[in-house]
Amino acid sequence: MFIITSGFYTGTVCPAEGRTKDGNEPSAKMQRLNRLKNRTGAPDDINAGITFNDLYNSKDNPYLYNEKQGASITGYLVDAITSKGESCNCYTDEPELRDIHIYLSPHPEIANKEDCIIVEVTAVGKQNHTDWHLSYFNSLKGHKVKVTGYLLYDFEHRGNSYEYNPEGSNLWRRTSWEIHPVTQVQALD
């Protein structure tokens, strides 16, 4: 939980279950997803058998992996952006309380976002790692990185997933599978 200091929800506490745009409790399905997105510790169980290519070729199957587990994947950082307000962060307009979406590619020459896996750094991750700010991640563009964190199937973005919706008009990810929240980042070159 965190306190929002500006915007629509000024002075309110954002619970791990998040809120809708109008301040209500989200559906049970969204509350579950938001609690997963808002996890604060590192995963106890890292599935060492899961690779970047496994997520990349997951065919957007929501039942393929265990969201209680973590994974470490290696890819090339294509871009990093601050997300918009989402249910998980009570639609705050404070950039430091919103997630950083990091686009990872299997090869340095792939730059289309629909060819990337999304990994997300949360507000808690930024608080725990003071160097984890947008400019730091953008300084790693084109570099190979290893990212560790929780496996998460973000069903909210199936329409943006090439694997789920290949004919879509707003594709900006390969799959709905993510590493979210990210708990460790290591630059490899």
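The values are calculated or read from the model by the stated rules, or taken from the named source; none is laboratory data. Keep in mind the model is a prediction, meaning the values are calculated, not measured. All Cβ positions, even for glycine, are placed from backbone atoms using ideal geometry, and neighbour counts span all protein chains on display. What goes into the accessible areas is simple: the full protein's heavy atoms, side chains included, and nothing from ligands, DNA or RNA. Shrake-Rupley method; radii C 1.70, N 1.55, O 1.52, S 1.80 Å.
Summary of values
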| quantity | calculated |
| --- | --- |
| Percent of Cα-Cα distances greater than 18 Å, calculated over region 17-104 | 58 percent |
| DSSP-assigned coil residues among GluC sites (Glu not before Pro) in region 97-189, each with at most 11 further Cβ atoms within 10 Å | Glu109, Glu167 |
| Net length gained if the chain between Ala187 and Asn66 were fully extended (0.36 nm per residue, minus Cα distance) | 40.9 nm |
| Order of exposure, largest accessible area first, which applies to Tyr91, Tyr63, Tyr153 with probe 1.4 Å | Tyr63, Tyr91, Tyr153 |
| Cα-based Rg / Dmax (Å) for region 98-189 | 13.1, 40 |
| Quotient of Cα Rg and 2.2 N^0.38 Å for the chain, N being how many residues it contains | 0.97 |
| FRET efficiency for Val124 and Ser169, using Cβ-Cβ distance with R0 set to 22 Å, rounded to 0.05 | 0.10 |
| Relative contact order computed over the chain (Cα-Cα under 8 Å; 6+ residues apart), in percent | 24 percent |
| 222 nm mean residue ellipticity, helices alone, for the chain (DSSP H n ≥ 4; -39,500 (n - 2.57); rounded to 500) | -3500 deg cm²/dmol |
| Summed residue charge, Cβ within 14 Å of Glu94's Cβ, Lys/Arg positive, Asp/Glu negative | -1 |
